[in-house]
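These notes are about the structure you will find just below.
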Amino acid sequence: MIQLIVFLPLLAAIVAGLGNRTIGNVPAKLVTTGALFASCALSWPIFISFLTGGAHAHVVPVLDFIRSGDLSVDWSLRVDTLTSVMLVVVTTVSALVHLYSWGYMSEDDSQPRFFAYLSLFTFAMLMLVTSDNLVQMFFGWEGVGLASYLLIGFWYKKPSASAAAIKAFVVNRVGDFGFSLGIFGTFLVFGTVSIPAILAASPDMAGSTIGFLGARFDVMTLLCLLLFIGAMGKSAQLGLHTWLPDAMEGPTPVSALIHAATMVTAGVFMVCRLSPMFETSETAQHVVTYVGAATALFAATVGTTQFDIKRVIAYSTCSQLGYMFFAAGVGAYNAAMFHLFTHAFFKALLFLGAGSVIHAMHHEQDMRYYGGLRKHIPLTFWAMMAGTLAITGVGVLGVFGFAGFYSKDAIIEATFASGSESGGIAFAVAVFAALLTSFYSWRLVFLTFYGKPRWEQSEHIQHAVHDAHGHDHDDHAHAAHGHDAHDEHDHAHGSVSDGTAGYHPHESPWPMLLPLAVLTIGAIAAGYVFHTPFLDAEHGAAFWQGSLAFDAHLMHAMHEVPMWVKMSASAVMLTGFVIAWFAYVRSPGIPAAFVSQFRILHDFLYRKWYFDELYDVIFVKPAFAIGRFLWKRGDEGTIDRFGPNGVAALVVSGSRLAGRLQSGYVYSYALVMLLGLAAAATWAMVG
Amino acid sequence: MSYAESLSLTLSEVILAAGALVLLLVAGWAGDKATRLISWIAVVLLAVAGLALLGPAGAAFGGQYQADSFAAFAKVLIYFAAGASILIAPRFFQLADGSHMGLRAEYPILILLACVGMGMMVSAGDLLSLYVGLELNSLAAYVLASFMRSDQRSAEAGLKYFVLGALASGILLYGISLVYGFTGTTAFDGIAKAYGDGVSMGELFGLVFVFAGLAFKVSAVPFHMWTPDVYEGAPTPVTTFFASAPKVAALCMAIRVAVVAMGPAAHQWQQIVIFAALASTILGGVAAINQTNIKRLLAYSSINNVGFALIGLAAGTQQGIAAVLTYLAVYVVMTIGSFVCVLQMRDAEGRPIEAISALAGLSRSRPGLSAAFAIFMFSLAGIPPLFGFWPKFLVFDAAVAVGLLPLAAVGIATSVIGAFYYIKIVKIIYFDEPGEEVFAANNNVVETGLMLLTALAVSPIGYLAIPVLGQLSDRAAGSLF
């Protein structure tokens, strides 16, 4: 069964990818979507059997992979609680995103390719989460990286999309380099890459040292940090986060699937999978905590100033990933996984909702040109509302709450309960970031759905209105986005004064709304339904079955934290809501005034703490300079000049010389013969 | 051994010589009208002579003549090339208006006589029989080169060939006399015995002069100067003949002299052969690049190829000799195929076109011919999976096996240069814009058949022949050791 779950998407990807145009759009979409729904349908029973305690961890061997000396690697599929959680997350979101793409990508002219990539991604992700050894995990890790690259650059004719794809790939390379060093080191130290064997041997290794880069380091700290660098790259943690916001150049379903719900959480999954390793190194745990906290704070601050709807959600994702990491850092791996689980639903929902908005607004992504959409696309509005309630963590203690209420509050409480210094800092950051989360989430809702329409300044909308009049229906910039004009605008030349420019947004088709509905249910109920098995001290141990380092003591302490700690999250959530309401609904002049007052601060945040500029100066420019030097001076100036080009020039001049010697006169021919004879005789005599 | 037995061992030469004389009478009787008939009879004679090679092996006339599998292997190639050269001639000399450019009944007869000479060359077991065979071949060749007497270039080619050939013969004869003077014999086994006792200065000089004379025949650098001029000037069927049969004969003769007569002085002649091999591959590759005449280009190509074959001889081992024989077999097929393609280059009147630029855009008007051209060019360049790759690989392998690594390396480097001009022709055919020149259509069954046959043989299908070819060449080489 698990084989089917993993390999159906691969099969579908091969069929759709190789069949491509020959099999046509609909069969390609049917095959991939069908395979994903089948995978999804097979995954839930596994998850439920772990929930009810009916299943036990087991490994299904598939093939021999590598046998070389001491290194022995198998293809095998590991099924335990941790895997089953990831299975339902990946297959559910992927299946819904496949369905959603029927609507969202309906106008694109290379749909089979898109669906093949999506399915290929899903296969790689499933390979990652079912891996029983580090090499197979690395295979999945690189596979999702490849699929991510292909999908970010899906509209490869758009220079910005190509650039974003390359950026994502290169930044991930940095992380992957750390990860591969970690794998090499692990093999060096443990003599195996099998995850269970490594985890079993880890406690004995604690405290031993190893030479690396000319100094002695604690083995476990070094290995954990190297592996964590890989996790930072994939999960866009501070320092290696720069690719994630740019990745929004990809189609929105991709953002929902890969850059919100699944791939970016791979780093969190890896840390949880290897949690017994991280438990042996306090230093590594501190690093994880601090990096997570820094990312949560950084991304949340940047998120408050962005105008692109997808970028806001992207920074929100970045920030929430930070939450998961510091939860893992303080030892609450199950809380991290729970947040991963709920986050997958509400963040996918927010992205798909944003996609629905973008779809309705004719590919306008700038929230400054939205406004007043609540009445035009009510279903999307309610879905987004559910997502916002979930991410901001709305709920009443002991009664009911949206998904984020359980998972995020658990993390905040766990940081406090851990009692360590790093935990304390993380707690402070978590509460402040929750305030920012609430602010930017509501800001998004208010800017998009409330107020008066501000559509007339949007070029996309102007194009749409223009096109609707049938002047020329050809290739405007947006045509490359795979969408065409909404043709039904009969009276588009309406009055301009209402800010609509005569444009009428339409609700998305049902293939897009159905996934929104399903995810809305998840965003509302996932926390309430599943918080007991994931978080509870007693039920949790039974549920996780040792698939991650479960700290029952910490879970107990978490439930016993003071009331003000428990209420703090709700309090800042309300505060954030009120600020956003004042600034964007009550008196919309406040943001502009604030920006002019604190221009430096706003610029600092709006330019994302100048990370891109900094990296440009430190890495990109020198790399280009070195590259140019090696290209112009090293390759063309030296190797080519004295190598191929030099030889070619020599041959040509030799050819000319030979032509001149071939004079046509018999006596000169005879002379050459005699000279040759004389030379041969001389040589024979001397030699 | 009685004369009867000796004569029976030389049956192929007897058949060809007697046949040639009879045909000469027929030609004298019937005149040029009988050319076609005589041509076909000549081809039949070549086939019969080829069958006669199946006879017993042995030494005839007191060791002057050796009938062994080495000679037989060479003769099969020679007869095949000669037969093809006879068959393609009538169409070449024929003009569209029915007149012809001077094909006479003597053409096939001269080729038969040249074959007798070449048979003697490859079978010679004595320097004197070698010289007689060589001159018999050369005299026929001089006449063939100037066969279009009224054509200035053809006459010039014949004259050049004759003058320089005479010089080469002089060098060779001087070498023979030196060898005789210092060893007291002209028989190969006697010479080998004398060289085995140590090589004196006189013997060394004899060796150098003999090899210089032989190098002229195989047109190895620096004795190659006649080749481009003669190839260009001679009628194309004659050029086809020159590029194939005498090359085989001269190389095989050189191999027999080197291995059998002067084997003990291998160290001395190896130096000369290595130099000639290097110089030939390099000059053959470099000088071809600037050529605008397809026949001149193929002349340099033949120099280049001789260089590669000499690499196998330089190795001096049985493996090396077998590699040379395989090389020659494939080379003959490729060369005949390429020249048949060149024969297709004629204008509406039937006059030959030789400019490479006329091939531009040929793929659009003559796809079949273009494909054949491409196959031969790629094969000559030694690009797998075409068969031309295999013999190149064998000679390099043989050279590497005896530690001649630098020689093999240079050989590979020069084959890259060669690839440039071969592939340039393919580029001109397939990618250049067609010019105004349109070739006359081909309606000759013989040419089409030959082109198809040779193209198939050098195509990847040719690899099927490797076991047979390998075994035959190995046995042929083995008969020398």
Within region B:166-178, take every residue that is crowded, with 22+ Cβ neighbours inside 10 Å and in contact (Cβ under 8 Å) with a residue 40 or more places away in the chain and give me the one that is farthest from the other protein chains (Cβ to nearest Cβ). B:LEU172
Single residue of region A:141-166 satisfying the filter (under 24 Å from A:GLY178 (Cβ atoms) and aromatic (Phe, Trp, Tyr)) that is surrounded by the most Cβ atoms within 10 Å (Cβ to Cβ): A:TRP141
Any residue in region A:659-677 that is at the interface with another protein chain (Cβ under 7 Å from one of its Cβ atoms) sitting within a Cβ distance under 7 Å of a residue that is among the charged types (D, E, K, R)? List the pairs, counting only those 6 or more apart or interchain. A:GLY664/B:ASP229; A:VAL666/B:LYS160
How many residues, within region B:180-205, are more than 14 Å from every other protein chain (Cβ to nearest Cβ), touching a residue at least 60 places away in the same chain (Cβ under 8 Å) and assigned to a helix (DSSP H, G or I)? 5
Mind checking which residues of region B:216-234 are farther than 14 Å from B:THR281 by Cβ and either part of a helix (DSSP H, G or I) or more than 8 Å from chain A (Cβ to nearest Cβ) (or both)? B:PHE216, B:LYS217, B:TRP226, B:THR227, B:PRO228, B:ASP229, B:VAL230, B:TYR231, B:GLU232, B:GLY233, B:ALA234
Is there a residue being crowded, with 18+ Cβ neighbours inside 10 Å and in contact with a strand residue (DSSP E or B) (Cβ under 9 Å, 6 or more places away or on another chain) anywhere in region A:231-244? no
Residue by residue through region B:4-25, note down the ones that are without any contact (Cβ under 8 Å) to a residue 24 or more places away in the chain and more than 26 Å from the chain's Cα centre (by Cα). B:ALA4, B:VAL22, B:LEU25
In the set A:VAL431, A:VAL357, A:VAL396, which member is at pLDDT 90 or above, surrounded by fewer than 24 Cβ atoms within 10 Å (Cβ to Cβ) and of a type in the set (Val, Ile, Thr)? A:VAL431
Report, by residue number, each residue of region B:137-159 that is more than 14 Å from chain A (Cβ to nearest Cβ), assigned to a helix (DSSP H, G or I) and either over 15 Å from B:THR239 (Cα atoms) or under 19 Å from the mean Cα position of the chain (by Cα) (or both). B:ASN137, B:SER138, B:LEU139, B:ALA140, B:ALA141, B:VAL143, B:LEU144
Any chance you could count how many residues in region B:274-284 are buried (at least 21 other Cβ atoms within 10 Å of the Cβ) and over 18 Å from the mean Cα position of the chain (by Cα)? 2
Can you tell me how many residues within region B:376-385 are within 13 Å of B:SER459 (Cβ to Cβ) and in contact with a Gly (Cβ under 8 Å, 6 or more places away or on another chain)? 3
Which helices (runs of 4 or more DSSP H) does region B:54-136 wholly contain that include 1 or more residues that are under 22 Å from the mean Cα position of the chain (by Cα) and more than 25 Å from B:TYR327 (Cβ to Cβ)? B:89-93, B:106-123
Among what's in region A:678-687 and is at the interface with another protein chain (Cβ under 7 Å from one of its Cβ atoms) and among the small types (Gly, Ala, Ser), pick the residue that is nearest to B:ASN293 (Cα to Cα). A:ALA680
For A:LEU128, only one of the following conditions fails: (1) under 25 Å from A:VAL62 (Cβ atoms); (2) in contact with a Gly (Cβ under 6 Å, 6 or more places away or on another chain); (3) free of Cβ contacts under 8 Å to residues at least 40 places away in the same chain. What is its number? (3)
Reported set for region B:235-270 where residues are within 14 Å of another protein chain (Cβ to nearest Cβ) and touching a Gly at 6+ places or on another chain (Cβ under 7 Å) is B:ALA266, B:GLN270
Listed residues A:SER94, A:SER101, A:SER84; which is crowded, with 24+ Cβ neighbours inside 10 Å, among the small types (Gly, Ala, Ser), more than 19 Å from the chain's Cα centre (by Cα) and modelled with pLDDT of 90 or more? A:SER84
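Results for (1) modelled with pLDDT of 85 or more; (2) farther than 30 Å from B:LEU297 by Cβ; (3) surrounded by 11 or more Cβ atoms within 10 Å (Cβ to Cβ), shown as yes or no for each residue.
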{"residue": "A:MET563", "(1), (2), (3)": "yes, yes, no"}
{"residue": "A:ALA580", "(1), (2), (3)": "yes, yes, yes"}
{"residue": "A:PHE611", "(1), (2), (3)": "yes, yes, yes"}
{"residue": "A:ASP616", "(1), (2), (3)": "yes, yes, yes"}
{"residue": "A:THR638", "(1), (2), (3)": "yes, yes, yes"}
{"residue": "A:LEU650", "(1), (2), (3)": "yes, no, yes"}
{"residue": "A:VAL666", "(1), (2), (3)": "yes, no, yes"}
Restricting attention to region A:75-89, does a residue exist that is touching an Asp or Glu at 6+ places or on another chain (Cβ under 6 Å) and outside the structural domain of A:GLY353 (by TED's automatic domain parsing)? yes
B:THR292 passes all but one of the listed conditions (1) of a type in the set (Ser, Thr, Tyr); (2) touching a strand residue (DSSP E or B) at 6+ places or on another chain (Cβ under 8 Å); (3) away from chain A (no Cβ under 14 Å); the exception is number (3)
Tell me which of these B:SER154 doesn't satisfy, since it passes every other one: (1) buried (at least 23 other Cβ atoms within 10 Å of the Cβ); (2) within 27 Å of B:LEU480 (Cβ to Cβ); (3) among the small types (Gly, Ala, Ser). (2)
Which residue, of B:ILE375, B:ILE383, is within 20 Å of B:THR335 (Cα to Cα) and outside any helix (DSSP H, G or I)? B:ILE383
Sole miss for B:TYR131 among (1) crowded, with 23+ Cβ neighbours inside 10 Å; (2) in contact with a strand residue (DSSP E or B) (Cβ under 9 Å, 6 or more places away or on another chain); (3) not hydrophobic (A, V, I, L, M, F, W, C) is condition (1)
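The values are calculated or read from the model by the stated rules, or taken from the named source; none is laboratory data. Keep in mind that what you see is a predicted model, and the values were worked out from it rather than measured. Cβ: placed from backbone, ideal geometry, glycine included. Neighbour counts: every protein chain shown.
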